[in-house]
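A.B. asks: My structure is below; once you've seen it, I'll send some questions.
Since every read-out is calculated from the coordinates, none of them should be taken as a lab result. Given the structure is predicted, the values throughout are model-derived calculations rather than measurements. Cβ placement follows ideal geometry from the backbone for every residue including glycine, while neighbour counts extend to all protein chains displayed.
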Amino acid sequence: MSTTPIKVAVTGAAGNIGYSLLFRIASGALFGQDQPVELRLLEITPALKALEGVVMELDDSAFPTLAGVEIGDDPTKVFDGVNHALLVGARPRGPGMERGDLLEANGGIFAPQGKALNEVAADDIKVTVTGNPANTNALIAQSNAPDIPSSRFSALTRLDHNRAIAQLAAKTGATVADIKKMTIWGNHSATQYPDLFHAEVKGQNAAELVNDQEWLEGTYIPTVAKRGAAIIDARGASSAASAASATIDHARDWQLGTAEGDWTSMSVVSDGSYDVPEGLISSFPVTVKDGEWTIVQGLEIDEFSRGKIDASVKELEGERDTVKKLGLI
Ligand code: NAD
Ligand code: LMR
């Protein structure tokens, strides 16, 4: 641990996810109780007043690990020297929308933010995109930051990963801690594929333990993949606290590493593994050591899984082609 604060940028800091995320980061949930953090908070100009109120609450929480807070509406100032950038700020979808419907509204946010990170972020910058459509927004940011290694850009599928674990725990009567090697493949969208064929429950293969293809196809996969919509329907607003929690899990594992004998799901730039076209930002099983992720290799993919992965990857290719046409990459 270092006493030099880690600088963490959060965009959309006055929004719903921000209201949970900032307090978790400031309290030490991201890097531990011995590691000071400095928050750099970006908002659009009309939201700066609300953000000032949130900063007052951060002050009032007297977090020992919070070394400083800066706010602003200029990404080249806010991102100056940042080690982690959590790109949350974007418009959420409403009832009846798919996340891809947000491409036009939100895509434009991520090109200038990628350029600003390229110009001023620290050499060890790690970028996590939570704002939807997260995978393709990450691709836009990465394409606009030619001097930052593409491996430093990622999108959040950890919320899907956590949902997949929770649903499997409920089905099998196991605890979430009993479940290892869960994988989300593909896009953070309704086409994502939560894979039980490599997951383990107390060391036992999850698909074999459940042994119910009808439940897998008819209940499990759609419940996980459509959970975001179910929350919008129930809450009247998209998931916020669980999204913040997953963003913390993702950035913490990226900084501190994944547990021995386990892996996590991260959307990262494909190197062609598992026949996912090179350059797409797609979700894979990854391990992390010393701040670098590696795609888990050598997993056998059967015909059922192949079809599911291919469908989600096809959607990512379509999104990539759309943002290309919009001139964003
Ligand atoms: P919100 O509307 O409550 O907050 C978004 C904030 O972003 C607002 O305060 C807005 O002013 C700000 N913003 C807009 N444009 C900005 C810009 N250019 N720079 C900086 N800030 C900007 O929304 P929310 O509920 O916090 O959700 C944020 C995003 O996260 C949405 O796109 C949502 O769909 C997405 N999300 C993703 C996941 C995931 O698992 N990947 C989960 C939940 C939500
Ligand atoms: C989620 O998965 O909860 C978020 O991506 C929000 C949404 O639009 O579903």
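A.B. asks: Hey, does region 28-41 have a residue that's without any contact (Cβ under 8 Å) to a residue 24 or more places away in the chain, within 14 Å of ligand 1 (Cβ to nearest atom) and basic (Lys, Arg)? Reasoning before the result, please.
C.D. replies: Of region 28-41, the ones without any contact (Cβ under 8 Å) to a residue 24 or more places away in the chain are none.
Looking through region 28-41, none of the residues is without any contact (Cβ under 8 Å) to a residue 24 or more places away in the chain, within 14 Å of ligand 1 (Cβ to nearest atom) and basic (Lys, Arg).
A.B. asks: Within region 260-269, take every residue that is in a loop (DSSP other than H, G, I, E, B) and touching a residue at least 24 places away in the same chain (Cβ under 8 Å) and give me the one that is surrounded by the fewest Cβ atoms within 10 Å (Cβ to Cβ).
C.D. replies: Residues of region 260-269 that are in a loop (DSSP other than H, G, I, E, B), as a first pass: 260-263.
Now narrow it down to the ones that are touching a residue at least 24 places away in the same chain (Cβ under 8 Å): 261-263.
Details: Gly261: 10, Asp262: 14, Trp263: 24.
It comes out as Gly261.
A.B. asks: Within region 143-170, which residues are surrounded by fewer than 17 Cβ atoms within 10 Å (Cβ to Cβ), farther than 19 Å from Ser283 by Cα and either among the aliphatic types (A, V, I, L, M) or within 16 Å of ligand 2 (Cβ to nearest atom) (or both)?
C.D. replies: Of everything in region 143-170, those that are surrounded by fewer than 17 Cβ atoms within 10 Å (Cβ to Cβ), farther than 19 Å from Ser283 by Cα and either among the aliphatic types (A, V, I, L, M) or within 16 Å of ligand 2 (Cβ to nearest atom) (or both) turn out to be Ala169, Ala170.
So that you can scan it fast, the table gives a plain yes or no per residue for (1) out of contact with any Pro (no Cβ under 7 Å at 6 or more places or on another chain); (2) more than 22 Å from Asn135 (Cβ to Cβ); (3) not charged (D, E, K, R):
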position: Tyr193; (1), (2), (3): yes, no, yes
position: Val201; (1), (2), (3): yes, yes, yes
position: Glu208; (1), (2), (3): yes, yes, no
position: Glu217; (1), (2), (3): yes, yes, no
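A.B. asks: When region 80-99 is examined, which residues are found to be within 19 Å of the chain's Cα centre (by Cα), more than 21 Å from Tyr19 (Cβ to Cβ) and of a type outside the set (D, E, K, R)?
C.D. replies: If the condition is that a residue be within 19 Å of the chain's Cα centre (by Cα), more than 21 Å from Tyr19 (Cβ to Cβ) and of a type outside the set (D, E, K, R), then Asn83 is the only one that fits.
A.B. asks: I would also like to ask the following. Please go through region 186-238 and pick out each residue that is over 27 Å from Gly261 (Cβ atoms), among the hydrophobic types (A, V, I, L, M, F, W, C) and not in a helix (DSSP H, G or I).
C.D. replies: Scanning region 186-238 gives Ala190, Ala237.
A.B. asks: Kindly check whether there is at least one residue in region 4-15 that is in contact with a His (Cβ under 6 Å, 6 or more places away or on another chain), in contact (Cβ under 8 Å) with a residue 40 or more places away in the chain, away from ligand 2 (no atom under 16 Å from the Cβ) and outside any loop (DSSP other than H, G, I, E, B). Walk me through how you get there before you give the answer.
C.D. replies: Going through region 4-15, the residues in contact with a His (Cβ under 6 Å, 6 or more places away or on another chain) turn out to be 8.
Restricting the remaining residues to those that are in contact (Cβ under 8 Å) with a residue 40 or more places away in the chain gives 8.
From what is left, the residues that are away from ligand 2 (no atom under 16 Å from the Cβ) are 8.
If we keep only those that are outside any loop (DSSP other than H, G, I, E, B) as well, we get 8.
Yes, region 4-15 contains a residue that is in contact with a His (Cβ under 6 Å, 6 or more places away or on another chain), in contact (Cβ under 8 Å) with a residue 40 or more places away in the chain, away from ligand 2 (no atom under 16 Å from the Cβ) and outside any loop (DSSP other than H, G, I, E, B).
A.B. asks: Only one of (1) away from ligand 2 (no atom under 16 Å from the Cβ); (2) of a type in the set (A, V, I, L, M, F, W, C); (3) buried (at least 20 other Cβ atoms within 10 Å of the Cβ); (4) more than 15 Å from the chain's Cα centre (by Cα) is not met by Val224, so which one is it?
C.D. replies: (1)
A.B. asks: Residue check: is Thr183 closer than 20 Å to Thr223 by Cα, touching a helix residue (DSSP H, G or I) at 6+ places or on another chain (Cβ under 6 Å) and not charged (D, E, K, R)? Outline the logic, then answer.
C.D. replies: Working: closer than 20 Å to Thr223 by Cα: yes; touching a helix residue (DSSP H, G or I) at 6+ places or on another chain (Cβ under 6 Å): no; not charged (D, E, K, R): yes.
No.
A.B. asks: Follow-up question, since we're still on this one. Looking at Gly81, Gly89, which is the one that is within 17 Å of Val120 (Cα to Cα), in a loop (DSSP other than H, G, I, E, B) and in contact (Cβ under 8 Å) with a residue 60 or more places away in the chain? Working first, answer last.
C.D. replies: Values: Gly89 fails: within 17 Å of Val120 (Cα to Cα).
On inspection, the qualifying residue turns out to be Gly81.
A.B. asks: Moving on to the next point. Considering only region 140-147, I want to know if a residue exists there that is assigned to a loop (DSSP other than H, G, I, E, B), within 11 Å of ligand 1 (Cβ to nearest atom) and more than 20 Å from the chain's Cα centre (by Cα).
C.D. replies: Here is the first cut: in region 140-147, the residues assigned to a loop (DSSP other than H, G, I, E, B) are 144-147.
Pick out the ones that are also within 11 Å of ligand 1 (Cβ to nearest atom) and you get none.
No, every residue in region 140-147 fails to be assigned to a loop (DSSP other than H, G, I, E, B), within 11 Å of ligand 1 (Cβ to nearest atom) and more than 20 Å from the chain's Cα centre (by Cα).
A.B. asks: In region 241-255, is there at least one residue being within 14 Å of ligand 2 (Cβ to nearest atom) and surrounded by fewer than 17 Cβ atoms within 10 Å (Cβ to Cβ)?
C.D. replies: Taking every residue of region 241-255 in turn, at least one turns out to be within 14 Å of ligand 2 (Cβ to nearest atom) and surrounded by fewer than 17 Cβ atoms within 10 Å (Cβ to Cβ).
A.B. asks: With respect to the numbered conditions (1) more than 20 Å from Trp293 (Cα to Cα); (2) among the basic types (Lys, Arg); (3) away from ligand 2 (no atom under 11 Å from the Cβ), which one is the sole condition not fulfilled by Arg99?
C.D. replies: Among (1) more than 20 Å from Trp293 (Cα to Cα); (2) among the basic types (Lys, Arg); (3) away from ligand 2 (no atom under 11 Å from the Cβ), Arg99 violates only (3).
A.B. asks: Same structure again: Taking the criterion of being in contact with a strand residue (DSSP E or B) (Cβ under 8 Å, 6 or more places away or on another chain), within 16 Å of ligand 2 (Cβ to nearest atom), under 20 Å from Ala170 (Cα atoms) and free of Cβ contacts under 8 Å to residues at least 60 places away in the same chain, would at least one residue in region 194-203 satisfy it?
C.D. replies: Yes, region 194-203 contains a residue that is in contact with a strand residue (DSSP E or B) (Cβ under 8 Å, 6 or more places away or on another chain), within 16 Å of ligand 2 (Cβ to nearest atom), under 20 Å from Ala170 (Cα atoms) and free of Cβ contacts under 8 Å to residues at least 60 places away in the same chain.
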